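Below: the structure, in structure tokens.
The values are calculated or read from the model by the stated rules, or taken from the named source; none is laboratory data. Not measured: the values here are computed from a predicted model. Ideal geometry is used to build each Cβ from the backbone, glycine not excepted, and the neighbour counts take in all protein chains shown. Just the protein is used for accessible areas: all its heavy atoms, side chains included, with ligands, DNA and RNA removed. Shrake-Rupley method; radii C 1.70, N 1.55, O 1.52, S 1.80 Å.
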Amino acid sequence: MKILKIQNLQFKTNNNVSLQEKYPQYQSNKISALQTDSFQKTTPEINFTGKNTVLKLGQHLLTTSSKVKTKKEFRELARNRVIHCFYCQKPVFSPEFVDSLNARGVFDGTIENFVKELAPYKSYLKPTSYDIFKYLEDTSKLAPQTHLAEALQILNEKALQELTKKQLPIFKQIETEFHELPDGVREKVMKVLKIHKNRLKRIPQHEEFSAKDFSYKIKKSSETVANSIHRESLSNYAEIMLATTQTKYTNFYDNNILSKTFQHNENFDYSMPVNIKSIQLYIVEQIKKIGTKLDRNDILISCKMTEDMLMGKTVQLKFSNKAFSHDIEKVLNGYKNSKIKKKIFKAISKLPTSSSNINSFIAKHEYSSSATIGYELLKPSITTIEHLEPESTHGPYVNRLGNYAHACGPCNHGRANSNMAKYLEGFPKTSPQVYFNDMIGIVNDGFISLEDLLQLKTSIYRQSGRQMNASGISTKVLEENFPVEKAQENFDHFIELANEDLISSRDIFWLQQELRKRCGIAVKLDNLSALFY
């Protein structure tokens with residue numbers, strides 16, 4: 001898939017110095033056109049063997065004598081070993097690994113160092129992130145001391161042009177779907193369409209200030225702030241901005257949240273008239289100060305836009321698929337014709353997103369910091385906990401370790417509460433078994449119990465109808481779980497789990513055969529009452 005061509009690139013730094021002047025080795029005409037390369041498996045091999053094996057999880061060490069018990073410990077297993085997404089089969093990052101990169105300044109540093117740190121993990125990246133990483137690899141050879149934000153800024157203008165070319169025809173299709181709406185509803189959605197079309201075309205206009213949108217942007221920006229004090233301050237100010245539109249008090253000092261904010265601030269002039277706008281402008285000013293200290297252009301631009309909106313000036317907001325879809329949904333909230341609504345949102349879903357289109361990603365991060373860009377590149381590959389039986393069922397198995405699986409965010413959110421068997425049809429047939437093999441390896445290394453693994457096997461079958469092959473379980477694991485002197489007693493425990501429908505009775509028969517064949521241990525099934533499946 002050809003993404004876009006970049007020729008004769010010129011980028012000015014903050015000092016108005018071009019990259020060619022700042023880095024003599026940089027040759028803009030040598031940057032090749034961005035192409036999608038075929039994925040190569042470069043997953044690092046990490047082996048955990050031996051009696052003294054330890055796995056660092058968060059703030060403590062997990063040894064083979066203290067197996068994974070919590071959801072957090074389970075998720076962090078991806079930190080020090082390769083685990084594949086249950087659905088798409090791509091390796092996943094642990095959240096802690098990504099946070100550690102940010103804390104060490106890898107995202108804020110030079111692209112030379114960024115590329116060096118991430119090179120072993122190329123196979124983890126989703127297609128759009130992978131395309132951008134390949135571009136960064138090329139650029140790092142020509143201008144190694146540039147930063148992520150600078151490198152993407154080079155592509156921004158061309159990316160915007162290419163993105164707009166793709167968006168406008170889809171907008172025409174969306175507008176066509178609006179014609180089926182009744183007159184009153186159509187007029188409202190056309191007004192929304194015009195606002196967002198102007199954003200897409202980068203036409204300045206008067207925009208209504210949204211405390212919710214501003215708070216969301218500041219909170220998102222704060223996620224990649226390494227300094228915990230500044231991060232917490234930004235998050236608090238974002239919450240207070242929301243409170244300014246929710247308070248029912250005429251005297252803002254009576255509001256508990258606001259009074260806590262201003263009572264310790266000696267710079268606040270308590271004699272000035274207080275209203276919503278003055279409080280909001282004050283909050284924006286405090287956020288600007290933090291943004292200036294952090295040298296965060298994204299925060300400063302959000303503040304400038306907000307000030308202009310509050311003062312009634314025209315602004316040029318960036319187009320956002322999410323905001324557009326939300327505003328249309330809001331207008332159509334009371335409209336009953338589900339068929340027409342479905343057609344409208346199907347058309348909206350065709351708009352390119354930052355996760356599926358390289359130009360959209362570049363345009364979205366026009367003002368983003370390097371820390372934000374680095375985090376967003378890796379975010380789609382961060383592991384989440386997939387509940388094989390969805391949480392919404394509130395079933396008895398939902399919050400057991402045997403019902404958890406590692407899945408990347410896009411795959412997990414894509415399934416939501418839908419039927420797993422049907423959802424799996426869109427992925428490689430081998431994916432569940434590849435994932436299950438990862439878990440077998442973890443059991444063999446002593447970090448997950450055999451009991452939890454067999455419950456996982458049952459959960460997968462119960463939700464997808466697919467039987468997992470458990471032959472990779474080591475003889476050592478069987479011997480440890482069923483020592484000769486306690487073999488029948490321990491086996492009866494597994495039988496009881498089968499009777500409770502936590503483990504398939506099929507696996508009880510399998511265990512019995514494996515113990516006889518591999519360990520020379522004979523156990524009885526006298527207490528088994530569960531149905532065979």
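Could you figure out which of (1) crowded, with 16+ Cβ neighbours inside 10 Å; (2) in contact (Cβ under 8 Å) with a residue 12 or more places away in the chain isn't true of Asn469?
All conditions pass for Asn469, except number (1).
Based on this model, can you work out whether Tyr435 counts as buried (at least 17 other Cβ atoms within 10 Å of the Cβ), outside any loop (DSSP other than H, G, I, E, B), within 13 Å of the chain's Cα centre (by Cα) and among the hydroxyl-bearing types (Ser, Thr, Tyr)?
no
Among the numbered conditions (1) farther than 30 Å from Ala78 by Cβ; (2) at pLDDT 95 or above, tell me where Ser129 comes up short.
Of everything listed in (1) farther than 30 Å from Ala78 by Cβ; (2) at pLDDT 95 or above, Ser129 misses just condition (1).
Based on this model, can you work out whether Glu137 counts as surrounded by fewer than 21 Cβ atoms within 10 Å (Cβ to Cβ), in contact with a helix residue (DSSP H, G or I) (Cβ under 6 Å, 6 or more places away or on another chain), in a helix (DSSP H, G or I) and free of Cβ contacts under 8 Å to residues at least 24 places away in the same chain?
Yes; evaluated as a whole, the condition is true for this residue.
Among Lys116, Lys126, Lys134, which is the only one that is touching a Lys or Arg at 6+ places or on another chain (Cβ under 8 Å), within 30 Å of Asn80 (Cβ to Cβ) and basic (Lys, Arg)?
Lys126
Go through the range 355-388 and give me each residue that's surrounded by fewer than 20 Cβ atoms within 10 Å (Cβ to Cβ) and not hydrophobic (A, V, I, L, M, F, W, C).
Filtering the range 355-388 for residues surrounded by fewer than 20 Cβ atoms within 10 Å (Cβ to Cβ) gives 355-356, 366-367, 379, 384-385.
Within the range 355-388, Ser355, Ser356, Glu366, Tyr367, Lys379, Thr384 meet the criteria.
Among the residues of the range 163-212 satisfying the criterion of being open to solvent by less than 60 Å² (accessible area, probe 1.4 Å), under 30 Å from Ile240 (Cα atoms) and of a type in the set (D, E, K, R), which is farthest from the chain's Cα centre (by Cα)?
Glu207
Output yes when any residue across the range 273-294 is free of Cβ contacts under 8 Å to residues at least 24 places away in the same chain, in contact with a helix residue (DSSP H, G or I) (Cβ under 8 Å, 6 or more places away or on another chain), β-branched (Val, Ile, Thr) and open to solvent by 40 Å² or more (accessible area, probe 1.4 Å), and no when none is.
yes
Give Tyr253, Tyr216, Tyr237 a once-over and let me know the one that is at pLDDT below 95, assigned to a helix (DSSP H, G or I), open to solvent by less than 40 Å² (accessible area, probe 1.4 Å) and not acidic (Asp, Glu).
Tyr237
Any idea how many residues of the range 442-463 are in a helix (DSSP H, G or I), open to solvent by 20 Å² or more (accessible area, probe 1.4 Å) and either of a type outside the set (Asp, Glu) or in contact with a Cys (Cβ under 9 Å, 6 or more places away or on another chain) (or both)?
4
Of the conditions (1) under 25 Å from Thr224 (Cβ atoms); (2) surrounded by 18 or more Cβ atoms within 10 Å (Cβ to Cβ), Leu351 fails just one. Which one is it?
Every condition holds for Leu351 apart from (1).
Just to be sure I understand the filter: pairs with C-beta atoms under 6 Å, separated by 6 or more residues or on different chains, first member in the range 482-494 and closer than 17 Å to Ser529 by Cα and surrounded by 11 or more Cβ atoms within 10 Å (Cβ to Cβ), second member of a type outside the set (Ser, Thr, Tyr) and modelled with pLDDT under 95. Which pairs pass?
Short answer, once both residue conditions are applied: Asp492/Asn527.
Touching a Pro at 6+ places or on another chain (Cβ under 9 Å) and under 21 Å from Val68 (Cβ atoms): does that describe Ala405?
yes
Kindly provide the set of residues from the range 82-105 that are open to solvent by 10 Å² or more (accessible area, probe 1.4 Å) and not in a loop (DSSP other than H, G, I, E, B), ordered by number.
Across the range 82-105, the qualifying residues are His84, Pro95, Glu96, Phe97, Asp99, Ser100, Asn102, Ala103.
Among residues belonging to the range 299-329 that are acidic (Asp, Glu) and within 21 Å of Lys350 (Cα to Cα), point out the one that is surrounded by the most Cβ atoms within 10 Å (Cβ to Cβ).
Asp327
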